[in-house]
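The values are calculated or read from the model by the stated rules, or taken from the named source; none is laboratory data. Predicted model, so just to flag it, every value in this text is computed and none were measured. Ideal geometry is used to build each Cβ from the backbone, glycine not excepted, and the neighbour counts take in all protein chains shown. Surface areas here come from the heavy atoms of the whole protein model, side chains and all, with no ligands, DNA or RNA. Shrake-Rupley method; radii C 1.70, N 1.55, O 1.52, S 1.80 Å.
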Amino acid sequence: MLGKMSGFIDCHCHLASTDFKEDIHEVISRAKKTGVRCALVVPDLKYELPLVCDLAKTYPDFIAPALGIHPVQGSSPDNLRSVSWDDFEGVTELITEYKENIVAIGEIGLDFTPRFIKSDSDKQTQRDIFKKQIQLAKSLNLPVNVHSRSAGRPAIELLKSEGAEMVLLHAFDGRPSIAMQGVQAGYYFSIPPSIVRSEQQKLVKQLPLEKLCLETDSPALAAEKQTRNEPCNITICCDYIAKVKNITPEEVQRVTTANALKLFPKLDKFFDV
């Protein structure tokens, strides 16, 4: 029998992406062989919300679904813009319908990358939709899985002002000093394989292991640029954290899995074997 903390949790990935359309079964099989017990799958564009639900029904022993509206939307990955209220239509109802099945609200947050922000009103709409989803998560007693690209400080400030307590900030690109404000609020930070080539290596050095989780953000944020990432690569970020903190990969795996189970208690079912 495997121990309770044995195995990895991929706390943030996009397995409903079209990048995995042809070989999702093989991708999941490779992940399991690597020791990944479950993958928390979040939608990117709005059309992926039902796809995440379908994927969880097909692979109930591996996929942990989350639902939410990302701050960047569009008709396709090649046609992106800041989120609008039209994008948010029907989302609350869908989340409420699936509230027993989902493990978190996400991927939600802020993205102030200049190419997506055409005016201050875009930022305000993002903030307002983020607030709506934080409050929905609180009402359903669900954690939030948060995107904060080019918006680390405002994202953490908004989370704190809205009273969010169960928070994962994925692939955080803000300064470590800003991240520490999140740590002080009790928030967790997930580290992807791209950390090996990232300017965010200081983040791993400064954040306590007790507030770190592992993610892949598959198909994005691979260790090597311009390659498709997948959950089996979670060992890369685990090994990197171990090297930086001068501990064993086994200790990183054990602590980050324990952290993920604290933050996402519904993931317990994947370890009840």
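Using the 2.2 N^0.38 Å rule of thumb for compact globular proteins, work out how region 76-128 stacks up: its C-alpha Rg over that value, please. Spell out each step's value before the answer.
Working: Rg = 13.1 Å, N = 53, 2.2 N^0.38 = 9.9 Å.
Dividing the Cα radius of gyration by 2.2 N^0.38 Å gives 1.31.
For Thr248, the solvent-accessible surface computed with a 1.4 Å probe is close to 70 Å², ligands and nucleic acids excluded. The loop-placed trypsin sites (Lys or Arg not before Pro) in region 70-143, going by DSSP, that have at most 11 neighbouring Cβ atoms within 10 Å of their Cβ come out as Arg115, Lys118. Restriction of the GluC sites (Glu not before Pro) in region 78-141 to DSSP coil positions whose beta-carbon has at most 12 other beta-carbons within 10 angstrom yields Glu89, Glu100.
Express as a percent, rounded to the nearest 5, the fraction of DSSP beta bridges in region 1-96 (both residues included) that run antiparallel. Display every interim value, and only then the final one.
Working: 4 of 11 bridges.
Around 35 percent of the beta bridges assigned by DSSP in region 1-96 are antiparallel ones.
When the convex hull of the Cα atoms of the chain is projected onto a plane and the area is averaged over all directions, what value comes out in nm²?
Working: hull surface 52.3 nm².
For the Cα atoms of the chain, the hull's average projected area reads 13.1 nm².
Per residue of the chain, the DSSP helices (runs of n ≥ 4 H) give a summed -39500 (n - 2.57) that works out to -11500 deg cm²/dmol at 222 nm.
Hey, any idea what the orientation-averaged projected area of the convex hull of region 124-170's Cα atoms comes to, in nm²? Can you show the working numbers first?
On the way: hull surface 11.7 nm².
Average projection, Cα convex hull of region 124-170: 2.9 nm².
Pairs of lysines in region 92-225 whose Cα atoms sit within less than 13 Å of one another amount to 4, provided the residues are eight or more positions apart or on different chains. Amide H contacts under 5 Å for Gly68: Gly106, Glu107, restricted to partners 5 or more places along the chain or on a different chain, H placed in the peptide plane at 1.01 Å from N. Across the alpha-carbon set of region 143-187, the Rg to Rh ratio works out to 0.89, Rh being the Kirkwood radius.
Report the GluC sites (Glu not before Pro) located in region 147-231 that are in a DSSP loop and have at most 11 other Cβ atoms inside 10 Å of their Cβ, or state none. Don't skip to the end; give the middle numbers.
Details: sites: Glu157, Glu162, Glu165, Glu199, Glu210, Glu215, Glu224; in loops: Glu162, Glu165, Glu199, Glu215, Glu224.
In loop regions of region 147-231 (DSSP not H, G, I, E or B), the sparsely surrounded GluC sites (Glu not before Pro) are Glu199.
Across region 1-128, the volume of the C-alpha convex hull divided among the residues equals 125 Å³ per residue. Measuring spread by the Cα atoms of region 142-233 yields a radius of gyration and Dmax of 12.9, 38 Å.
Expected output is a single nm value to one decimal: the length gained when fully extending between Glu251 and Leu140, i.e. 0.36 nm times separation in residues minus the C-alpha distance. What is it?
Numbers: separation 111, 0.36 × 111 = 39.96 nm, distance 3.26 nm.
Gain in length upon complete extension: 36.7 nm.
Our Cα-only numbers for region 1-71 put the radius of gyration and Dmax at 12.3, 42 Å.
Just how many % of Cα pairs in region 176-273 lie over 23 Å apart, if you round to the nearest whole percent? Can you show the working numbers first?
On the way: 1138 of 4753 pairs.
In whole percent, the share of Cα-Cα pairs in region 176-273 beyond 23 Å is 24.
Here each label is just a point 7 Å from Cα along the line to Cβ, and for Glu157 and Asp268 those points are 3.8 nm apart.
Over region 8-96, what relative contact order in percent results from Cα pairs under 8 Å that are six or more residues apart? Could you put the intermediate results ahead of the total?
Values: 117 pairs, mean separation 22.6, N = 89.
With pairs under 8 Å counted, the relative contact order is 25 percent.
How big is the Cα convex hull of region 83-236 in projection, averaged over all directions, in nm²? Show your work: numbers first, answer last.
Working: hull surface 38.6 nm².
In nm², the orientation-averaged hull projection of region 83-236 is 9.6.
I'd like the distance separating the alpha-carbon centroids of region 164-217 and region 50-71, in whole Å. That distance is 24 Å. Between Gly186, Gly68, Gly152, the residue with the greatest mean-square fluctuation in the GNM of the chain (Cα pairs under 10 Å linked by springs) is Gly186. All alpha carbon pair distances within region 168-207 were sorted into 5 Å bins beginning at 0; the resulting P(r) in whole percents reads 6, 25, 40, 21, 7, 1.
Computed over the chain, relative contact order equals 21 percent, with contacts defined as Cα pairs under 8 Å that lie 6+ residues apart.
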